Every structure is written in structure tokens, then in C-alpha cells.
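Since the structure comes first, as C-alpha cells, the remarks are kept for the end.
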Amino acid sequence: MKKITVSAPGKLMLFGEHAVVYGRPCIVTAVGQRMRATVELLDKPVFELEAPDVKVTGYKKPMDQLGVDDIPKGAKFVEMAVKNFMENVILGNEVTPESARSVDSGRGRHGDLARMTGISITTQSEFSSQFGFGSSSASTVCVIKAISEITGANLDNRAIFDLAYKTVLDIQGKGSGFDVAAAVYGGTLYYITPGKTIEPLNIESLPLIVGYSGIKADTVTLMNQVSELAQENPQMVEDIYNNIGKLVEQAKVAILSKDWTTLGELMNSNQKLLENLGVSIEKFDNMILGAKAAGAYGAKLSGAGGGDCMIALSPEEKTQAVKDGITSAGGQVIEVEASVQGARIED
């Protein structure tokens, strides 16, 4: 039977955390650590998954039971991605008007799509899910793109985004979709939820240094925490969101002009606003102070907060000093290439 491997990058949020969920823009970059999914069509109506990175091995079930019964945590995104592809592409339902235009309306149950009796998927990650690089979204995008290619559905990037974003929402109930966009499109993106704007920023690289806190964060828990704060102090939180949105617009200009000094200052300002939202932690504060004291242009947490990673922007000649500043505060420096290629078929 046919077999194909697709990879997709992880992501780092540069600007706009939390505010992006409420309609403000953000800037996200795709990172060099990639997720891979190898997909093979089967001639029996069975779903099989091997995902050793998330402790899922030997997992299988009938295709007509996708999404039913208790699904192992590590299998949820892949299984629901297959289920959504079956329902929205093979059976011809629409995800959005964009998706409907992207899929050949004459297919339905016909042609290559009809041959998707069963499917075997193996995933492999170049990064630990603990880092908060968006492994769930990257694996979802890999699977949808791979099935699209192997069945001849040939979904375009917008349709892949829509279906992957729907999958994330089906599982999490919340999510802005910027990590899905980064996995699909790659590069560095100016993004507005729910994919209202996905604008590539034309840069080759960013002088980023990434530090891992050693603490695993739970995005949904942090989002709920901020939502509770907004109920208690609606005007304060609204003002923070508005100010974050303004910073994002300024950061976009600074990135395109490679004005790293200004970009660093904006990172510092964004960090203060995130501290006001209550999502920073002492470990982050110490890592950020260490980076700035060593000569970084600026530094901030990246993502929902509460743990995972922080980022620093550094002059080239001070790169090692900034790394040392992060590690001296108890952080772990992770070598990361930013603004990399989006989802792609591997040889």
C-alpha cells in the first residue's frame, strides 16, 4: 500500500500571548525542531498508531470507532485528525467555505479517497512535548497533510489549517490556532484568531536564544486562570490586551526592519504586561534578569506562561554570555533555529 512521510515545525510565540485569544494580533515563529508522521493506507478498516514519544505503542481500533471510548492522551490529536479528515473530506462535509473551495467537490466517496479503508500512522518528534513547542498541533498538521497527499485530496494550506484547527478545538475546547498556523505555513507570522489573518513576515532568521524553565505548563489551565482574572478585573485585563496588541504592531515593524534594539525593548514591555496578567513565574523572572544582565536586547516568556520556555534577543557577540546568564539562573538553553519551513513532504 501507499506510504508517505510529512514533517511540520514546532513554534515559539514572540509577541501577543493571551491577548491573541481575544482578537488581538500575535507574532509566532516556526522552529527547527520538527514532528514527523509516516502514514500508510491499509486494506483493512483499522486505525493503527505508533507514537513512542508520547508512550503510545500498539494502539489500534476499528475505523468506525474513531473518537469513541477512552482515547489515550498521546493518541487524541492524531486520532481526531483522522476522524475529521474522514468526515469532512472523504464524506464531503464542509469545515469552512475556504476548505470547501480547496477540496475537489467531485470527489466525495469517489476516486483515491474511497480507497482509504484503514490507516497506519507512526509519529516521531525531534523535540520533547514538555518544551511547549506545539507538538500536538504539529502532529495534527503532519497527519492531515500526509492523508491529503496519500489520498489525492490535495488540500491547500488554508484547508489543512482549517481542519487542523478544528481538531485542536474539538479536543481542547479553546485555542487561538497560531501554533497550527506556524506548523502549516512556517516562517514568522503575523496572526489574528481564528486564522482571520495569516501574514508571513519576510525574514530569514532571528537572533533568538531559548531557555527552558524545567517546569511544564498547562496552556488551558493558564488560559482559564487569565479568564478568571478578567471576570474579576475586566477593565484592567482589557487594557492589558489592548496594550499587548499595540506592542505587536510595533514589533511587526521592528522585525521587518531588523531593528533588534527596538524589538528587545518591546519584548521587555510585553513581559511586564504578562507579569501583570499573573502568568510569569519566579524562575522566568530570574532567567530573564540573567539574560538582560548579560547583554540581551530584551527577554520575555514565550507561550501561556507558568512554565515551559522564555526567549531572549541577543547581539551576536554576546550570545554565549546571554546563554550563561540563563543557565546561571537555573534554565536550560535549547538550541533553536527560528523562521523555518512549514509542513513538507519528506523524501
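The values are calculated or read from the model by the stated rules, or taken from the named source; none is laboratory data. Predicted, not measured: the structure shown is a model, and the values here were computed from it. Using ideal geometry, Cβ is built from the backbone for each residue, glycine included, and neighbour counts are taken over all protein chains shown.
At-a-glance table
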| read-out | value |
| --- | --- |
| Residue that is modelled with the lowest pLDDT [pool: residues in region 39-92 that are among the β-branched types (Val, Ile, Thr) and either assigned to a loop (DSSP other than H, G, I, E, B) or under 16 Å from residue 116 (Cβ atoms) (or both)] | 90 |
| Residue ranges of helices (runs of 4 or more DSSP H) in region 95-182 with at least 2 members modelled with pLDDT under 75 and over 17 Å from residue 344 (Cα atoms) | 97-102 |
| Within region 276-287, considering residues that are surrounded by fewer than 18 Cβ atoms within 10 Å (Cβ to Cβ) and among the charged types (D, E, K, R), the one farthest from residue 228 (Cα to Cα) | 285 |
| Some residue of region 128-141 being surrounded by fewer than 22 Cβ atoms within 10 Å (Cβ to Cβ), in the same structural domain as residue 17 (by TED's automatic domain parsing) and either in contact with a helix residue (DSSP H, G or I) (Cβ under 9 Å, 6 or more places away or on another chain) or of a type in the set (Ser, Thr, Tyr) (or both) | yes |
| Considering residues of region 1-20 that are under 30 Å from residue 46 (Cα atoms) and among the aliphatic types (A, V, I, L, M) only, the residue nearest to the chain's Cα centre (by Cα) | 8 |
| Where a residue in region 48-64 is assigned by TED's automatic domain parsing to the domain that holds residue 82 and its partner, wherever it lies, is of a type in the set (Asp, Glu) and outside any helix (DSSP H, G or I), with Cβ under 8 Å and at least six apart | 56/50; 57/50; 58/50; 59/48; 59/50; 60/48; 61/69 |
| Scope region 255-264; condition touching a helix residue (DSSP H, G or I) at 6+ places or on another chain (Cβ under 9 Å) and either of a type in the set (Lys, Arg) or within 28 Å of residue 223 (Cα to Cα) (or both); matching residues | 255, 263, 264 |
| Residue match in region 192-204 (condition: farther than 27 Å from residue 145 by Cβ, aliphatic (A, V, I, L, M) and out of contact with any Ser or Thr (no Cβ under 7 Å at 6 or more places or on another chain)) | no |
| Cβ pairs under 6 Å, 6+ apart, first in region 271-295 and free of Cβ contacts under 8 Å to residues at least 60 places away in the same chain and under 16 Å from residue 219 (Cα atoms), second in a helix (DSSP H, G or I) and not aromatic (Phe, Trp, Tyr) | 280/274 |
| Residue 10 being touching a Phe, Trp or Tyr at 6+ places or on another chain (Cβ under 8 Å) and touching a residue at least 60 places away in the same chain (Cβ under 8 Å) | yes |
| Some residue of region 175-186 being within 25 Å of residue 63 (Cβ to Cβ), under 16 Å from the mean Cα position of the chain (by Cα) and either surrounded by fewer than 22 Cβ atoms within 10 Å (Cβ to Cβ) or among the hydroxyl-bearing types (Ser, Thr, Tyr) (or both) | no |
| Test: residue in region 214-234 that is at pLDDT below 95, surrounded by fewer than 22 Cβ atoms within 10 Å (Cβ to Cβ), over 30 Å from residue 85 (Cβ atoms) and β-branched (Val, Ile, Thr) | yes |
| Residue in region 2-25 that is in the same structural domain as residue 140 (by TED's automatic domain parsing), surrounded by fewer than 19 Cβ atoms within 10 Å (Cβ to Cβ) and closer than 30 Å to residue 275 by Cα present | yes |
| Cβ-Cβ under 9 Å pairs, at least 6 apart or on other chains, region 239-259 side not assigned by TED's automatic domain parsing to the domain that holds residue 27, far side charged (D, E, K, R) and in a helix (DSSP H, G or I) | 254/265 |
